[in-house]
1. Go over the candidates SER52, SER42 one by one and state the one that is without any contact (Cβ under 8 Å) to a residue 60 or more places away in the chain and either open to solvent by less than 70 Å² (accessible area, probe 1.4 Å) or within 19 Å of the chain's Cα centre (by Cα) (or both).
2. Of all residues in the range 90-109 being at pLDDT 85 or above and more than 34 Å from the chain's Cα centre (by Cα), which is surrounded by the most Cβ atoms within 10 Å (Cβ to Cβ)?
3. Inspect all residues belonging to the range 61-77 and state whether any of them is charged (D, E, K, R) and within 16 Å of the ligand (Cβ to nearest atom).
4. Would you call ASP364 open to solvent by 50 Å² or more (accessible area, probe 1.4 Å), assigned to a loop (DSSP other than H, G, I, E, B), within 18 Å of SER255 (Cα to Cα) and at pLDDT below 90?
5. Just for strands (runs of 3 or more DSSP E) wholly inside the range 207-277: which have at least 2 residues that are within 16 Å of the ligand (Cβ to nearest atom) and surrounded by fewer than 23 Cβ atoms within 10 Å (Cβ to Cβ)?
6. Considering only the range 1-50, state which residues are in a strand (DSSP E or B), within 13 Å of the ligand (Cβ to nearest atom) and not hydrophobic (A, V, I, L, M, F, W, C).
7. Exactly one condition in (1) open to solvent by less than 30 Å² (accessible area, probe 1.4 Å); (2) closer than 16 Å to ARG79 by Cα is not met by VAL23; state its number.
Amino acid sequence: MATVSLVDVHKSFNKGGNTIDAVDGLSVDIADGEFFVILGPSGAGKTTTLKSVAGLVDIDAGSIHIGGNDVTLVEPYNRNVAMAFESYALYPQKTVAENLASPLKSGRTGRYTEAERAERIDQVTSTLGINHLQKRFPRELSNGQRQRVALGRVLVRPADVYLLDEPLSHLDAKLRASMRAELKQLGAMSNTTTIYVTHDYQEALALGDRIAVMRDGRLVQIGRPEEIWHQPADTFVAKALGQPEINLLDGVVDSGRIRLGDGTFDVPVPPSTPCQRGDRVRVGLRPCDIQADIQADVAPSADGSAPRGCVVLAERLGRNVELTVDIGGTQLIVLTAGRGGAGEGAEVALTVADTDVHLFEIGDGATPRLGTSGHEPVLEAAQ
Ligand code: ATP
């Protein structure tokens, strides 16, 4: 077990004559035993960060510390970290059990007896659901099974730090969801500091003790899953979490409400937000936070300002239905729970709780959040 600290780490590459800052001044302290997730789109610098900790890339500036020791110049083998890559490498001529046993036979792990090895392999293969495949060769496995064996090769070996790079990416959605739960259990069991890279926000929310969101080699936000979900630091983070993506609309603050689009739709100003009448803002509304009631069921609001719209598209997504609702020319995506919901052509009234309204500065691209929302997080909202 060990803490991991990155101090102002820089790494750039030369790509076709251009310098790419893959990691650009990254500083982070990861606690002993923490499950730390790095979330970001392709090219954000996630893998380079992981490889820097493993010692597989030489950083240009900054330092890396494991268990309080500066390991910046220490060879990968002596860092006692175990890394699983997205692209899995297995010995083709060895069975699954033999592939898993080999990390337990070398170097500082060579002290295991045959029985202890078998026990560790059994524990890991059971968790990963590949116990029954122990006698098979890699060529006799599916891609998803091979990826789980590769992950098993990492987890079977005791290490100070596990570095996992998109380890579930080759699994189908159902298996991924069940593996997520199992992995968390395994992590808790072994209590080993883990840095886990993903571009899947659900994986990040489900697994992370904390999440670091990266973009263009930089850290955009770091926090507990509920902080990242409920108080995204900017519109980039807000968009990175949630499927369908958060709705972002331009609005104008007007006594306690924010008028959106042509003014037919308004939402409450969230608590503790520093804004004044006349301010122009960007409003973020998550599709799952908007309630759409068929108009006949809803009494008109006292001031007649209840936002009403027309469903122009209704798409079923498993248990939920994704509605595209047109309100005075502005289109909003709304996620409603399954049965009895509004269909295409239905008139709906939309409501949003003030604590579910996210406000950002006006502008293009990633703009920062205004204020904070003070409510207790409900993580299920992310599912
Ligand atoms: P992905 O999710 O696609 O794996 P990532 O967030 O892990 O992306 P990195 O692989 O760390 O991103 O890459 C960050 C940037 O550095 C990218 O622009 C990438 O093209 C570049 N890069 C990474 N490794 C090298 C290399 N060996 N040579 C040149 N450029 C590289």
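The values are calculated or read from the model by the stated rules, or taken from the named source; none is laboratory data. Since the structure is predicted, the reported quantities are computational estimates derived from the model, not experimental observations. Using ideal geometry, Cβ is built from the backbone for each residue, glycine included, and neighbour counts are taken over all protein chains shown. Remember, those area values only see protein heavy atoms, side chains included, never the ligands or the DNA or RNA. Shrake-Rupley method; radii C 1.70, N 1.55, O 1.52, S 1.80 Å.
1. SER52
2. LYS94
3. no
4. When the stated conditions are applied, ASP364 does not pass them.
5. 218-223
6. HIS10, LYS11, SER12, ASN14, LYS15, ASN18, THR19, ASP21, ASP24
7. Of the numbered conditions (1) open to solvent by less than 30 Å² (accessible area, probe 1.4 Å); (2) closer than 16 Å to ARG79 by Cα, the odd one out for VAL23 is (2).
Rundown of residues vs (1) out of contact with any helix residue (DSSP H, G or I) (no Cβ under 8 Å at 6 or more places or on another chain); (2) part of a strand (DSSP E or B); (3) under 27 Å from GLY33 (Cβ atoms), yes/no style:
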position: TYR77; (1), (2), (3): no, no, yes
position: LEU90; (1), (2), (3): no, no, no
position: GLN93; (1), (2), (3): yes, no, no
position: GLU119; (1), (2), (3): yes, no, yes
position: THR125; (1), (2), (3): no, no, yes
position: ARG148; (1), (2), (3): no, no, yes
position: ARG157; (1), (2), (3): no, no, yes
position: LEU163; (1), (2), (3): no, yes, yes
